[in-house]
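The values are calculated or read from the model by the stated rules, or taken from the named source; none is laboratory data. None of the values given here were measured: they were computed from a predicted structure. Here Cβ is always computed from backbone atoms with ideal geometry, including for glycine, and neighbour counts include all displayed protein chains.
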Amino acid sequence: MGTFKKQISAAITLTLVLGLVFMSACKKEAGPAGKDGNTNVKVYLFDGASLTAVNAGIANNIPIRFSEVDSSLVLAYHKSGGYWFSTPGLGFGPYYMARVRYNSTMYPDSTEVFTSIHDADGSTYSGSGETIEKVKYVVAPASAVFGKKETVDYSDYKATMKYFGLSED
């Protein structure tokens, strides 16, 4: 019985070695890349709202499948006081913290994006009110960033818009 186990072990080892040799001889092919690999980047821009402790969030629907949220780079921003802020993160002042949540909907080709404000420590918002002028969501399919270390700081709104060649408005 011991000899049989050694023969199986040797066969498995040989199979693995041959498999590695074969795989290293194969060429990897990829489809044509867009400029800087940034093809298929989509931007969704929505009007904002005046948010209060009673109404502390804005719900928008973006026309992508919820499953695409899990397989894409999704960046959220909100505009307040004339400046764009990364979401999640501190907002104008910084009197509040903004967060974003993605939810599936009853429509297969739609994802609800809920942007909400909280006190700066993350607790339920208790302030008098904040005006969110606009919200923006940037969606880049995984192929745009897969396997690359990006040199852009995605929490920097201007750097992100410049990197993807998008308007700052």
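What about SER72, is it modelled with pLDDT under 90 and either within 18 Å of LEU45 (Cα to Cα) or touching a Leu at 6+ places or on another chain (Cβ under 9 Å) (or both)? I'd like the intermediate steps shown before the answer.
Values: modelled with pLDDT under 90: yes; either within 18 Å of LEU45 (Cα to Cα) or touching a Leu at 6+ places or on another chain (Cβ under 9 Å) (or both): yes.
Taking the combined requirement at face value, the residue satisfies it.
Can you tell me which residues in region 52-107 are assigned to a strand (DSSP E or B) and of a type in the set (Val, Ile, Thr)? Before you say what the answer is, go through the steps one by one.
Narrowing region 52-107 to residues assigned to a strand (DSSP E or B): 57-62, 72-80, 83-87, 89-90, 97-104.
Within region 52-107, ILE58, ILE62, VAL74, THR87, VAL100 qualify.
What is the residue count in region 142-159 for residues that are at pLDDT 55 or above and within 12 Å of the chain's Cα centre (by Cα)?
So in region 142-159, the residues at pLDDT 55 or above come out as 142-143, 148-159.
Now restrict to residues that are within 12 Å of the chain's Cα centre (by Cα): 142, 154-155.
The number of residues fulfilling the criteria is 3.
Would you check which residues across region 123-143 are within 29 Å of PHE164 (Cβ to Cβ) and of a type outside the set (Lys, Arg) and list them?
Let us first name the residues in region 123-143 that are within 29 Å of PHE164 (Cβ to Cβ), namely 130-143.
Within region 123-143, GLU130, THR131, ILE132, GLU133, VAL135, TYR137, VAL138, VAL139, ALA140, PRO141, ALA142, SER143 qualify.
Can you tell me which residue among SER50, SER72, SER80 is in contact with a Pro (Cβ under 6 Å, 6 or more places away or on another chain) and in contact (Cβ under 8 Å) with a residue 40 or more places away in the chain? Quick ask: steps written out before the conclusion?
Numbers: SER50 fails: in contact with a Pro (Cβ under 6 Å, 6 or more places away or on another chain); SER80 fails: in contact with a Pro (Cβ under 6 Å, 6 or more places away or on another chain).
Result of the check over SER50, SER72, SER80: SER72.
Please enumerate the residues belonging to region 115-129 that are within 17 Å of LYS79 (Cβ to Cβ) and modelled with pLDDT of 90 or more. Don't jump to the end; show me each part of the working.
So in region 115-129, the residues within 17 Å of LYS79 (Cβ to Cβ) come out as 115-117, 129.
Of everything in region 115-129, those that are within 17 Å of LYS79 (Cβ to Cβ) and modelled with pLDDT of 90 or more turn out to be THR115, SER116, ILE117.
For region 98-138: of the residues being of a type in the set (Lys, Arg) and more than 20 Å from ASP169 (Cα to Cα), which is surrounded by the most Cβ atoms within 10 Å (Cβ to Cβ)? Let's see the steps before the verdict.
Step one: list which residues in region 98-138 are of a type in the set (Lys, Arg), which gives 99, 101, 134, 136.
Filter again for more than 20 Å from ASP169 (Cα to Cα), leaving 99, 101.
Numbers: ARG99: 16, ARG101: 13.
Residue satisfying both the conditions and the ranking: ARG99.
Based on this model, can you work out whether SER67 counts as more than 22 Å from ALA53 (Cβ to Cβ) and without any contact (Cβ under 8 Å) to a residue 12 or more places away in the chain? Walk me through how you get there before you give the answer.
Details: more than 22 Å from ALA53 (Cβ to Cβ): yes; without any contact (Cβ under 8 Å) to a residue 12 or more places away in the chain: yes.
Criteria met by SER67.
Select, from GLY48, GLY57, the only residue that is in contact with an Asp or Glu (Cβ under 7 Å, 6 or more places away or on another chain), modelled with pLDDT of 85 or more and crowded, with 16+ Cβ neighbours inside 10 Å.
Working: GLY57 fails: in contact with an Asp or Glu (Cβ under 7 Å, 6 or more places away or on another chain).
One residue alone meets the criteria, GLY48.
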